[in-house]
1. Suppose R0 equals 35 Å. What FRET efficiency, 1/(1 + (r/R0)^6) with r the Cβ-Cβ distance, do Met36 and Trp202 give to the nearest 0.05?
2. For segment 48-191, compute the orientation-averaged projected area of the C-alpha convex hull (one quarter of its surface), in nm².
3. Longer than 28 Å from Cα to Cα, which of Lys136/Lys266; Lys107/Lys152; Lys131/Lys266 are they? Say none if no pair is.
4. Run the numbers for Ile215 and Ser144: contour at 0.36 nm per residue of separation, minus the present Cα-Cα distance, in nm.
5. Towards the positive end of the charge dipole of segment 137-281, with charges on Cβ (+1 Lys, Arg; -1 Asp, Glu), say which of Met177, Trp280, Thr237 has the farthest Cα.
6. Under a Cβ-Cβ cut-off of 10 Å, what is the net charge of the residues other than Ala186 that fall near it, where Lys and Arg count +1 and Asp and Glu count -1?
7. Mind checking the full-extension length gain between Ile49 and Leu195? Use 0.36 nm per residue of separation minus the Cα-Cα distance, one decimal, nm.
Amino acid sequence: MMLIPTHHFRDIERKPEYLQPEKCAPPPFPGPAGTMWFIRDGCGIACAIVTWFLVLYAEFVVLFVMLIPSRDYVYSIINGIVFNLLAFLALASHCRAMLTDPGAVPKGNATKEFIESLQLKPGQVVYKCPKCCSIKPDRAHHCSVCKRCIRKMDHHCPWVNNCVGENNQKYFVLFTMYIALISLHALIMVGFHFLHCFEEDWTKCSSFSPPTTVILLILLCFEALLFLIFTSVMFGTQVHSICTDETGIERLQRKKQPRERVGSYKSVQEAFGGDFSLNWFNPFSRPCQPEIPIDKGLVRQVSSLSDMDNMETPESQLEETKDRDSVEVLDE
C-alpha cells in the first residue's frame with residue numbers, strides 16, 4: 001500500500017473562517033431510499049473495467065482452451081462448476097464493494113444549528129472537516145477521491161472504485177479472497193493442462209493451434225500468479241485490520257492516543273454480520289450492524305482545558321488536522 005499526503009491545498013481551505021459553522025451551507029436533502037452509490041472517478045472506473053476484463057479473460061481460457069476440449073468430462077464439469085462459482089462470487093463481491101456506501105458522513109452538517117443541538121458541555125469538542133463542511137465522527141477520515149468523510153476508512157481502492165469503510169469492508173475482503181481462490185485454481189489447471197499436452201499431441205489437447213494455446217496459457221499463468229500474490233496480501237492485511245480493530249490509515253499514522261478496542265471476534269462479527277455462518281461468505285448478505293445514533297461518535301472529550309483551547313482555534317486546528325486527516329491511501 002502507498003500513502004500519499006496531500007500537501008497542496010486550495011486557497012479556500014487555508015482560510016480559517018471556512019471552519020466556522022455559520023459559513024457551512026445547510027445539509028442537502030437525503031436522496032431517495034436505495035439510491036446507488038457510485039464514484040465518478042475516471043481512474044477508478046478504468047481499473048474496475050480492467051478487473052472485469054481480466055476475470056472474463058481467465059473465464060475464456062479456462063473454458064475454451066482447457067475444459068471444453070478435454071475428453072475427461074467429469075474433470076471438466078467439476079472444475080467448470082467450481083471455477084465459475086468462484087468467478088461469480090468474486091464479481092458479485094466486486095460490485096457490492098463498488099456500489100455500497102462505505103460509510104459516508106452527511107455532507108454539510110457542520111451548521112450552527114446542528115452543533116447547538118449537540119449541547120456540548122465543558123471539555124467536549126467536535127471536529128469539522130474543512131473540505132466537505134461536515135462534523136467528523138471519531139475514526140472518520142476525508143477521502144480526496146470520494147470527496148467525503150468516511151467512517152472507519154481503511155483506504156481508497158481504485159480496483160473497486162470506492163473507499164473501503166465500515167459498510168463495505170466485508171465485500172472487499174470477499175472480493176480479494178475469491179480472486180485469490182480463482183487465481184490458485186487457474187494456476188493448478190494450467191499446470192495439469194501443460195502436462196496433458198506434453199504427454200499427448202498438442203493438436204488434440206486444445207481447439208486452438210499449439211502456438212496460440214501456449215500464449216493464452218502463459219498469459220493466464222502470469223495473470224493468475226500476479227493476482228494470487230496481490231490479493232492474498234490484501235486479504236491478509238484486511239483480516240488483520242478487522243481482528244485488531246485498526247484501519248490502514250490508523251496503522252500508518254500510529255496515533256499515540258489510547259483508544260478502546262473491540263475484541264477480535266466481536267470485530268469480525270460486526271464486519272461480517274453476526275455469528276459464524278455461510279452468510280459470512282455471501283456477498284449478498286449485508287453486515288448486521290446496529291442502528292447508529294446521529295450524534296454517536298461526534299462529540300469527543302478533551303483531556304485538559306489547554307487541549308480544548310487548541311481545538312477551538314480554527315487556524316491551529318486546521319494545521320494540526322491537515323497531515324493527519326487529508327491523506328489518500330491507494331493500492332499499489
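1. Numbers: r = 48 Å, r/R0 = 1.37.
For R0 = 35 Å, the calculated efficiency reads 0.15.
2. Details: hull surface 42.2 nm².
For segment 48-191, the mean projected area of the Cα convex hull comes to 10.5 nm².
3. On the way: Lys136/Lys266 24 Å; Lys107/Lys152 16 Å; Lys131/Lys266 33 Å.
The pairs that break the limit, which is 28 Å between Cα atoms, are Lys131/Lys266.
4. Numbers: separation 71, 0.36 × 71 = 25.56 nm, distance 4.06 nm.
Extending this stretch completely gives an extra 21.5 nm.
5. Thr237
6. Details: positive: none; negative: Glu59, Glu223.
Once positives and negatives cancel, what remains is -2.
7. On the way: separation 146, 0.36 × 146 = 52.56 nm, distance 3.31 nm.
Computed gain between Ile49 and Leu195 is 49.2 nm.
Every read-out reported here was derived from the displayed coordinates using simple, explicitly stated rules and does not represent laboratory data. Just so it is clear, the model here is predicted, and its values are computed rather than measured. When we count neighbours, we look across all protein chains shown, and the Cβ atoms used for this are built from the backbone with ideal geometry, even at glycine.
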